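The structure appears below as structure tokens.
The values are calculated or read from the model by the stated rules, or taken from the named source; none is laboratory data. Keep in mind the model is a prediction, meaning the values are calculated, not measured. With ideal geometry, Cβ positions are generated from the backbone for all residues, glycine too; neighbour counts draw on all protein chains shown. We work out accessible area using only protein heavy atoms, side chains counted, and drop any ligands, DNA or RNA first. Shrake-Rupley method; radii C 1.70, N 1.55, O 1.52, S 1.80 Å.
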Amino acid sequence: MNRAWLLVVGVIATIVASVTGLVLLPDRQLRSTGPVEDEDRGITLPVAYFGDAEEGRKVYMDLGCIYCHTQQVRPEGFGADIERGWGMRRSVARDYIHDEPPLMGTMRTGPDLMNIGARQPSAQWHYLHLYEPRITSPGSIMPPHRFLFEVRHSADGLPEDAVRLPDEFARRKPSWIVPRDRARWLVAYLLSLDHNYEVPEAR
Amino acid sequence: MADTPETVPLPAPEERERLTRIQIDRSCRQTVVWYYASAVFWLLVGSALALIASLKMHTPGFLADWEWLTFGRARPAHLAAMIYGWGSMAGVGTLLWLQARLTRNRLPFPTLLPATAVIWNLTVAFGVVAILAGYSTSIEWIEIPPSTAILFGFCIAAIIAASIRMFRSRESKHTYVSQWYLFGAIFWFPLLYVSAQLFLHTPAAKGAVKAAANWWFAHNVLGLWFTPIGLATVYYLIPKVIGRPVHSYHLSLLGFWSLAIFYNWAGTHHLIGGPLPAWLITVGIVGSVMMFVPVVTVAVNHHLTMVGHFHHLKYSPTLRFIVYGAMCYTAVSFQGSLQSLRSVNEISHFTHYTIAHAHLGVYAFFTMVMFGAIYYVAPRLLNAEWHSAAWIRVHFWTTAVGMAIYWLGLTWAGWEQGKMMNDPRIPFLDIVRFTVPWLWSRSAAGVLMTIGHLSFAWLFWNMLRQRGAYLPGPTLLIRKDEPVAVGGGE
Amino acid sequence: MAAFYLALWGLAGLLGASAIAALVWAIRRGEFDQLREASQSIFDDEEPVGKVTDRFPDKRF
């Protein structure tokens, strides 16, 4: 084994083989996957992100929600994702066709969010939870995201989506939290996460 | 260098070899000291970010109003500082020195290579700041912006050029096993990094396949960049420190090629249960399980080399760190193979168990081996002794014990967390509350490890100022007049 | 799709076979001879086999 070129050729061959097998071939297999038609509603699913939800996805990425939350439902019989109500079916490649990049995650310090929009459709709940997770979920270790909000103490001229803070969490009473744009976008994104519909490949 | 062999009348062959080695080591001084000093700097930055992230996880109110330090940014910034700053820079420094030693050549490009260290630092700094400022790509292990590929690519190109140049004018016709691993590392890393950036940020891969590209990359940073550099170091330094050749050269050959072939494929075991084709996941599992082959060969080989020489662990700081690292390599790889089995993965996936596993690889194996290498290399570059044995002991015991606590706590907590998560009757918040004490144990371990890093930085700082005893030659760590127990009947 | 998988398996077989061929070729060429010597190549007269080269530094400091 004293010949360097042999070594280098071998080294490069191994990695070219693996990238072919693990990235290029699956891409070939999945590239043509498109959305499914929902004839009743006249739309195609999954719905592409647009407007606030599209911006919110960027907020989700820049705040690193991915380090505590997954977006993938494991199949029945492998874990208890479906029994926990995280989705009505397993996630399939089709669910991610608009996801650049996919935010599947590898850590469940918090619950899976693949279908959080269906499970928790209240924007108010999300605002309170984001502002201080322990308001809605005692004992939670999710970080508070107070920097996404403005706090006001007078009811005059409050925007529609302002939420009253429960007194025990307010430094001055009364307090309202007013979501800044990034909070609005983020919640729009969370509410858009809903993959509870039938696809042919999962049952 | 003034004292070339000519100025010494009729140097004995042994003296000539000593002088050559001094010259080789000195030729690395500029470059490798730059890389090592930067690595130590990033180690401290990474430790600070790690502590912040760890504390935030059980005490979410801590520093909560600073958006740039929110958990979801501090954690990837910690990873970037450790992987691209500490690990890669310590790795490149060691890789260059090893190649100079192995080819018995001076390190070329005395201005270009230190310049790459500067560029590397700026690139990592840019990446870490970008993450803290909210420009993370949110793709695990490669959160730093894609433009960094050009800068890292440039640095690696210079390193490849230097390696090839040294290799082509090598003295011995033998290519030592460490050299294969090093060639592997320097060609694998740029291919990995650049193609990952392409797949992840261009339409070269779409949707879910980007996740496959992500884990192909992330797993291979450990497998095809850190692991080969770490093993090259172990293969050189264990024999060199104890003065005994590698037990079986055949085994090391088998170990290298089986690693090259199987490690490549292991990454997709991170996607078990995920939305990718079943065959792809199966390939990942097969690759992971086949990793038993290289791991067993390396473990058996190193163990048989060490047999009869374990008492040196008491006397050699380098050996202590390296043997700890080598043992953890075996452990982490066995654990990795097991973890890729579906029945284990069903529980361990998505939990703190994985975090413990990752630290066993990057920290207990790679980082500890790099500490050992720096303890060996730095005195030879700077002609100075480490100034305090006591601080080295502090460094070893805090990091070794800290790592053990870290791993035990999170492995246990993760396993229980996984079992609870798979039982739908247990409310999610109960699981969260269950893990909190173990997150505290991680913070305690982190404090210990940080104390170790601070003592190491203190030692290194004094090394830079050459505060330790002056060393006329590079191998006088053993004083000539001192009887040295040389074990084994070689 | 079937043709695609057939091609895939063919390719895999071909790759495997060429790896084995390369190995046989390398052994024939004597690439694996003198392995013992190679393992000694990191030692020399001044740092010979049997010499320990690292120790805790002197405790005078």
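Look at B:VAL45 and say whether it is at pLDDT 95 or above and either open to solvent by 20 Å² or more (accessible area, probe 1.4 Å) or part of a loop (DSSP other than H, G, I, E, B) (or both).
So B:VAL45 passes the test.
Name every residue in the stretch B:51-79 that is in contact with a Gly (Cβ under 6 Å, 6 or more places away or on another chain) and of a type in the set (A, V, I, L, M, F, W, C), in order of residue number.
Of everything in the stretch B:51-79, just one residue is in contact with a Gly (Cβ under 6 Å, 6 or more places away or on another chain) and of a type in the set (A, V, I, L, M, F, W, C), namely B:LEU51.
For A:THR70, are the conditions met, namely being out of contact with any His (no Cβ under 9 Å at 6 or more places or on another chain) and assigned to a loop (DSSP other than H, G, I, E, B)?
Against the criterion (out of contact with any His (no Cβ under 9 Å at 6 or more places or on another chain) and assigned to a loop (DSSP other than H, G, I, E, B)), A:THR70 qualifies.
Filter the stretch B:325-345 for residues that are of a type in the set (A, V, I, L, M) and in a helix (DSSP H, G or I); which is most open to solvent (accessible area, probe 1.4 Å)? Even if it seems obvious, please write down each step before you answer.
Filtering the stretch B:325-345 down to residues of a type in the set (A, V, I, L, M) leaves B:326-327, B:331-332, B:338, B:341, B:344.
Still in the running and in a helix (DSSP H, G or I): B:326-327, B:331-332, B:338, B:344.
Working: B:ALA326: 17, B:MET327: 111, B:ALA331: 46, B:VAL332: 15, B:LEU338: 91, B:VAL344: 31 Å².
By that ranking, first place goes to B:MET327.
Which of the residues that make up the stretch B:298-318 are polar (S, T, N, Q) and in contact with a His (Cβ under 9 Å, 6 or more places away or on another chain)?
B:ASN301, B:THR305, listed by residue number.
Could you check, for the stretch B:308-315, whether at least one of its residues is among the hydroxyl-bearing types (Ser, Thr, Tyr), open to solvent by 50 Å² or more (accessible area, probe 1.4 Å) and either part of a helix (DSSP H, G or I) or facing another protein chain (nearest Cβ under 8 Å) (or both)?
yes
Take the residues in the stretch B:354-397 that are of a type in the set (Phe, Trp, Tyr) and either open to solvent by 30 Å² or more (accessible area, probe 1.4 Å) or outside any helix (DSSP H, G or I) (or both), then tell me which one is farthest from the other protein chains (Cβ to nearest Cβ).
B:TRP397
Among the residues of the stretch B:236-244, is any within 9 Å of chain A (Cβ to nearest Cβ) and surrounded by fewer than 24 Cβ atoms within 10 Å (Cβ to Cβ)?
no
Quick one: what pairs do we get from the stretch B:54-81, first residue polar (S, T, N, Q), second in a helix (DSSP H, G or I), C-beta under 6 Å, 6+ apart or different chains?
Close Cβ pairs (under 6 Å, with a partner that is in a helix (DSSP H, G or I)) amount to B:SER54/B:ARG442; B:SER54/B:SER443; B:SER54/B:GLY446.
Any idea how many residues of the stretch B:268-286 are in contact with a Ser or Thr (Cβ under 8 Å, 6 or more places away or on another chain) and at the interface with chain A (Cβ under 9 Å from one of its Cβ atoms)?
8
Is it fair to say A:LEU103 is under 11 Å from the mean Cα position of the chain (by Cα), modelled with pLDDT of 95 or more, part of a loop (DSSP other than H, G, I, E, B) and facing chain B (nearest Cβ under 9 Å)?
Working: under 11 Å from the mean Cα position of the chain (by Cα): yes; modelled with pLDDT of 95 or more: yes; part of a loop (DSSP other than H, G, I, E, B): yes; facing chain B (nearest Cβ under 9 Å): yes.
It is true that A:LEU103 is under 11 Å from the mean Cα position of the chain (by Cα), modelled with pLDDT of 95 or more, part of a loop (DSSP other than H, G, I, E, B) and facing chain B (nearest Cβ under 9 Å).
Which of the residues belonging to the stretch A:163-203 are acidic (Asp, Glu) and either farther than 17 Å from A:THR136 by Cα or touching a strand residue (DSSP E or B) at 6+ places or on another chain (Cβ under 8 Å) (or both)?
Selection gives A:ASP181, A:ASP194, A:GLU198, A:GLU201.
Would you pick out the residues in the stretch A:75-99 that are closer than 20 Å to B:TRP215 by Cα and more than 7 Å from every other protein chain (Cβ to nearest Cβ)?
A:ARG94, A:HIS98
Go through the stretch A:167-192 and count every residue that is within 12 Å of A:TYR131 (Cα to Cα), touching an Asp or Glu at 6+ places or on another chain (Cβ under 6 Å) and among the small types (Gly, Ala, Ser).
Going through the stretch A:167-192 one residue at a time, the tally reaches 0.
Name the residues in the stretch A:16-74 that are among the hydrophobic types (A, V, I, L, M, F, W, C), surrounded by fewer than 20 Cβ atoms within 10 Å (Cβ to Cβ) and facing chain B (nearest Cβ under 10 Å), would you?
Matches in the stretch A:16-74: A:VAL16, A:ALA17, A:LEU24, A:LEU25.
Could you run through the stretch A:1-15 and say how many residues are open to solvent by 40 Å² or more (accessible area, probe 1.4 Å) and of a type in the set (S, T, N, Q)?
Qualifying residue count for the region: 1.
Rundown of residues vs (1) at pLDDT below 90; (2) closer than 22 Å to A:VAL16 by Cα; (3) touching a Cys at 6+ places or on another chain (Cβ under 7 Å); (4) within 14 Å of chain C (Cβ to nearest Cβ), yes/no style:
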position	(1), (2), (3), (4)
B:ILE164	no, yes, no, no
B:ILE186	no, yes, no, no
B:VAL194	no, yes, no, no
B:PRO203	no, yes, no, no
B:LEU231	no, no, no, no
B:VAL234	no, no, no, yes
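Just give me the residues in the stretch A:176-197 being at pLDDT below 95 and of a type in the set (Ser, Thr, Tyr), in sequence order.
A:TYR197
Which ones in the stretch A:132-153 are open to solvent by 30 Å² or more (accessible area, probe 1.4 Å), more than 7 Å from chain B (Cβ to nearest Cβ) and either modelled with pLDDT under 95 or not in a helix (DSSP H, G or I) (or both)?
A:PRO138, A:GLU150, A:VAL151, A:ARG152, A:HIS153
Can you tell which of B:ALA80, B:ALA50 is open to solvent by less than 10 Å² (accessible area, probe 1.4 Å) and under 24 Å from the mean Cα position of the chain (by Cα)?
B:ALA80
Name the pairs: first residue in the stretch A:175-190 and over 19 Å from A:LEU113 (Cα atoms), second residue basic (Lys, Arg) and assigned to a helix (DSSP H, G or I), Cβ to Cβ under 9 Å, at least 6 apart or on different chains?
Once the first residue is over 19 Å from A:LEU113 (Cα atoms) and sits in the stretch A:175-190, its partners that are basic (Lys, Arg) and assigned to a helix (DSSP H, G or I) give A:ILE177/A:ARG146.
Matching residues to (1) assigned to a loop (DSSP other than H, G, I, E, B); (2) under 30 Å from A:THR106 (Cβ atoms):
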| site | (1), (2) |
| --- | --- |
| B:ARG106 | yes, no |
| B:PHE109 | yes, no |
| B:THR116 | no, no |
| B:TRP120 | no, yes |
| B:VAL124 | no, yes |
| B:ALA161 | no, no |
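Given the criteria over 30 Å from B:ARG21 (Cα atoms), assigned to a helix (DSSP H, G or I) and open to solvent by 10 Å² or more (accessible area, probe 1.4 Å), does B:TRP407 qualify?
yes
Pick from B:GLY207, B:GLY267: which is under 30 Å from A:ARG74 (Cα atoms), of a type outside the set (Phe, Trp, Tyr) and surrounded by 24 or more Cβ atoms within 10 Å (Cβ to Cβ)?
Testing whether each residue is under 30 Å from A:ARG74 (Cα atoms), of a type outside the set (Phe, Trp, Tyr) and surrounded by 24 or more Cβ atoms within 10 Å (Cβ to Cβ) leaves just B:GLY267.
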